[in-house]
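A.B. asks: Once you've had a glance at the structure underneath, I'll fire off some questions.
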Amino acid sequence: MAAARGEFSSRFGFLMAAAGSAVGLGNIWGFPTNAASNGGAAFLFLYLFLAFTLAYPALMAELIIGRHTRSNAVGALRQLAPNPKLAKLGSVVGFAGIATVTLILSFYSIVSGWMLAWLLNSLATIVGWDAASAWLTNDGESRNAIFSVVFMLLTVIVISAGVRDGIEKWASRLMPALIFILVLLIIYVMTLEGAMDGLRAYLVPDFSVALQPGLIISALGQAFFSLSLGVGTMLIYGSYLSSRENLPVIGGLVAMLDTGIAFLAGLLILPSMYVALANGVEIFDASGALVAGPGLIIAVLPALFDTMGSAGVFVAFAFFVLMTIASLTSSISMLEVPVAYVVETFDTQRRKATYFLGIGIALICLLIVYNFATMFDLVVSVTTEYSQPLLGLFFTIFVGWIWKRNGVLQELQKGYAGAEHSFFWKIWPFYIRFVCPIAIAAVYIQLVFF
Ligand code: PFF
C-alpha cells in the first residue's frame with residue numbers, strides 16, 4: 001500500500017513553499033545584472049510580459065497536473081496518458097525530469113555551499129579568526145566538498161520531515177525572513193554614495209536593446225528557470241495542494257512573488273554595484289558587461305563589504321543569510337521530486353528515501369567538485385539550457401494535447417466556481433496548446449542551433 005500523501009495545511013504555506021522554490025540564486029545573481037545590461041526598465045517590462053503570458057501558463061500546467069493526479073512526476077504523466085504508448089512517453093519525460101532536477105541539485109548544492117562558507121566567513125571576521133577566514137574564502141576543493149555536503153544535509157533534514165513539518169514549516173519561516181532582510185539591505189544601501197547611479201542603470205529604459213530577438217528568447221529562458229519549470233518541482237508541490245484552492249489565483253500569486261522579489265533584488269544589487277564602483281571596485285568584465293553570477297557574489301560584493309568599515313561584516317552576514325535562504329528553499333523543492341517518486345513507487349519510508357537519495361546526490365556533488373573544470377559548466381548548461389526547456393515543452397503538450405480538455409476543466413473548477421466562464425478559461429487552453437509549445441520550441445531551436 002502506498003504511504004499517505006502529504007498536503008499543505010494552508011494557502012500561505014503553499015505560497016511560501018512555491019515562491020521559495022522559484023526565488024533562488026537566479027533571482028539575485030542573474031536577473032538584476034541581466035536587466036541592467038539589457039535595457040533596464042525596458043528589459044523589466046519585457047520580462048514581466050513573458051513571465052505572465054508564457055511562463056505563468058506553463059506554471060499552471062504543472063500545478064494542475066500535480067493537483068489532479070496527486071502523484072509524483074512519473075506517475076502523474078502516466079495517469080494522463082490515454083494509451084500505453086503515451087504512458088511510456090509519460091514515464092520517459094517524468095524520469096528525465098527527475099534526472100535533470102537531481103543534477104541541478106548537485107551543482108546548486110556546490111554553489112549554495114559557497115554561500116554557507118561566506119556566511120561563516122562573516123562570523124569568523126567578527127571574532128577575528130583570520131586563518132579560518134582565509135580558508136573559508138579560498139576556493140579550495142576541500143572547502144567546496146565539505147560545504148556542498150553540509151548544504152545537502154540541511155536540505156535532507158528539511159525534506160525528511162515531510163510536507164507540513166519540513167517544507168511548509170521551513171518555507172513559512174524562511175521566506176518572510178528573506179523578504180525582511182532584502183528590504184533592510186535595500187534601505188541601507190540606498191543611503192550610500194553611488195546608489196542612485198545604480199538605480200539609474202537598473203531602471204532607465206532603453207527599448208532599442210530590450211527588443212532584440214536574441215534577448216527576448218534569453219529572457220524567456222530565464223523566466224522558465226526562475227519559476228523552476230520543466231522538472232516537476234511545481235508539479236509535486238501542486239500535488240500537495242488542497243482542492244479548495246483556486247489554481248489560477250494561487251499560480252498568479254506565485255508568479256507575482258517570484259517576479260516581485262527578482263525586482264526587489266535588483267534594487268539591492270545594482271545600487272550595491274555602483275556603490276562598489278564609487279569605492280574603486282571593478283564591476284564590469286572584460287567585455288564591458290556588468291559582472292554577474294558567482295563573480296558578482298563572491299568577488300564584487302565582498303570587495304564592497306570590505307570598504308564599509310565595521311558595518312561591512314554585518315551587511316555581509318545579512319547578505320549571505322539571504323543567499324543561503326534563497327538556495328535552501330529552492331533546493332528542498334528539488335529534492336522533493338526524486339523523494340516523492342521513490343516513496344510512492346517503492347513504498348519506502350520518507351526518511352529512508354531522503355537519506356538514501358541525499359547521499360547519492362552528495363556523491364554526485366563530490367564528483368563535480370573534484371572534476372570542476374570539466375564538469376561544472378557542462379552540467380549547468382545541459383540541465384538548465386537544454387533539458388529544462390525541452391521538458392517544459394512536454395509538460396505543456398501533456399496538458400494541451402494529451403489530457404482530455406474536459407478533465408482539465410473539471411480540475412480547474414475545483415476551488416473555482418464558474419471557471420468555465422472565466423477569462424482564464426477563454427485564453428489559457430489556447431496558450432497551453434499552441435502559444436507555449438511554439439514559444440518554448442523557438443527558445444530551444446535558438447539555443448541548440450544558433
Ligand atoms: N528557481 C530557482 C532560481 O531561480 O534560482 C532555480 C530552480 C529551482 C530551478 C528549482 C529548478 C528547480 F527545480
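Every number in this text was worked out from the coordinates using simple rules, so none of it is lab data. No experiment lies behind these values; they were computed from the predicted model shown. Ideal geometry is used to build each Cβ from the backbone, glycine not excepted, and the neighbour counts take in all protein chains shown.
A.B. asks: If amide hydrogens are placed 1.01 Å from N in the peptide plane, which non-local residues have theirs closer than 5 Å to the one on Phe284?
C.D. replies: Val291
A.B. asks: Cα to Cα, under 29 Å, and not fewer than 8 places away if on the same chain: which lysines meet these conditions relative to Lys426?
C.D. replies: Lys404, Lys414
A.B. asks: Determine how many Å³ per residue the convex hull of the Cα atoms of the stretch 1-133 encloses.
C.D. replies: Output value, Cα hull per residue: 209 Å³.
A.B. asks: So if I average 1/r over every pair of distinct C-alpha atoms in the stretch 333-382 and take the inverse, what Kirkwood radius in Å does that give?
C.D. replies: 12.0 Å
A.B. asks: Whole-Hz Karplus ³J(HN,Hα) for the stretch 218-230, in order, using 6.51 cos²θ - 1.76 cosθ + 1.60 and θ = phi - 60°, x for Gly and Pro?
C.D. replies: 6, 5, 5, x, 5, 5, 5, 5, 5, 8, 6, 8, x
A.B. asks: Here's another thing I want to ask about it. Using the number of other C-beta atoms within 10 angstrom as an exposure proxy, rank Leu203, Leu322, Leu105 with the fewest first.
C.D. replies: Lowest to highest Cβ neighbour count: Leu203, Leu322, Leu105.
A.B. asks: Next question, about the same structure. Take the Cα atoms of the stretch 319-450, find their three principal axes, and give me the spread along each one in whole Å, biggest first.
C.D. replies: 55, 45, 36
A.B. asks: On to the next question. Mind listing the phi-derived Karplus ³J(HN,Hα) values for the stretch 326-335, rounded to whole Hz, using 6.51, -1.76 and 1.60 with θ = phi - 60°, and x for any glycine or proline?
C.D. replies: 4, 5, 5, 5, 7, 5, 5, 5, 6, 5
A.B. asks: Let me ask something additional. Stick to the Cα atoms of the stretch 1-72, pair each with every other, and give me the Kirkwood hydrodynamic radius in Å at one decimal.
C.D. replies: Every distinct Cα pair counted, the radius reaches 14.8 Å.
A.B. asks: Now a separate question. Give the relative contact order (percent, whole number) for the chain; include only Cα pairs under 8 Å separated by 6+ residues.
C.D. replies: Relative contact order, the chain: 34 percent.
A.B. asks: Given the stretch 375-435, what whole percent of its Cα pairs are spread farther than 19 Å?
C.D. replies: 47 percent
A.B. asks: Where the centroid of each part is defined by its Cα atoms, how far is the stretch 69-86 from the stretch 188-208 in Å?
C.D. replies: When both Cα centres are located, 48 Å separates them.
A.B. asks: Kirkwood hydrodynamic radius of the chain from all distinct Cα pairs, in Å?
C.D. replies: 22.2 Å
A.B. asks: Taking DSSP loops as anything outside H, G, I, E and B, show the longest stretch in the chain free of trypsin sites (Lys or Arg not before Pro) there with at most 13 other beta carbons within 10 Å.
C.D. replies: By the stated rule (loop sites, at most 13 other Cβ atoms within 10 Å), 1-243.
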